[in-house]
Amino acid sequence: MSEIQRKFDEISKKYDEQRKQFIPCFDDFYRVSVSMASVNTENPKILDIGAGTGLLSAFLMGRYPDASFTLIDLSEKMLDIAKNRFKGNSNVEYIVADYSKYSFVEEYDMVVSALSIHHLEDEEKKEVYKKSHSLLKQNGIIINADQVHGETPFIENLNKKIWRRYIENSGLPEEEILAGYERTKLDKESTLDQQINWLKEAGFCDVSCIYKFYQFAVIFGRKVTVSGLS
C-alpha cells in the first residue's frame, strides 16, 4: 500500500486534469455512475472509498447537493485536493486511511468507489464488498466504477491495446503517458464475472454491470433483506 500511496501522492496535482485522457469513456463512465445513484432520500449519507481528489463525489454532489459525504483515501495529498474542491462545505468529512482496514462506525445510504478497488488483491476485494454490505442501510446501494480484467488473455490484450492507442493519441506529454503506464503496474484487476459473484456472495441483490467500455465498468448492487425485496 505504501507504493500506491507514493505514486498517487506524486500525481495528485495533475490527477484530475489527466482523467479525460486516461479514461476514454470519461463522460459516460461518471454519468452512468451518477444516474444509478438512486436512493429513497434527497439527503443521503455517502461513503466514497478510495475517494482520491473527490471527483466521483463532486459528480454525485451535483445530484444530491445536501448529501453528507465521507471521503476516505490512503493518499493525504489526494484528499488535500478534495478539501480544496469542497472548501466551505461542512457536509464533507475526510479520513486519511486504508479503507480496506479502517473500522467504520456509521451506516450509509451509498458506498461508492471509482478507480480504486482494482488496486486490491482478490481476497481484499471480497472483504471490502462484505464490509460495504455491512455498512449500508436497508435498500442502500454500492456503485463501483472501476477497471476489470479481460475475460480471456485475448480480450485482456485487446482491451489494453485499444486503451494504449487512445492514450497515445490523447495529446498528453510522453512523460505523463509513461508515468501512467508505470502506475498500471500497481493494478490487480479481476474479471467482471468474479466481482459480480463476490458482490452476490457478500449479500447484495440486483447485482449488475450497468456499463462497460473495454476494461472500464460500472457495477451496481443493492442491500435488501428478504422482507424488503421489491
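Annotations
- Against the criterion of being more than 21 Å from residue 220 (Cβ to Cβ), touching a residue at least 12 places away in the same chain (Cβ under 8 Å) and either over 16 Å from the mean Cα position of the chain (by Cα) or in a helix (DSSP H, G or I) (or both), residue 180 qualifies.
- Of all residues in the range 29-49, those satisfying the criterion of being over 14 Å from the mean Cα position of the chain (by Cα) and exposed (fewer than 15 other Cβ atoms within 10 Å of the Cβ) are 35, 38, 40, 41, 42, 43.
- Of all the listed residues (155, 196, 141), the sole one being at negative phi and touching a residue at least 40 places away in the same chain (Cβ under 8 Å) is 141.
Read the figures in this text as sums done on the coordinates, not as results from a lab. Quick caveat, the model's predicted, so the values are computed rather than measured. Cβ: placed from backbone, ideal geometry, glycine included. Neighbour counts: every protein chain shown.
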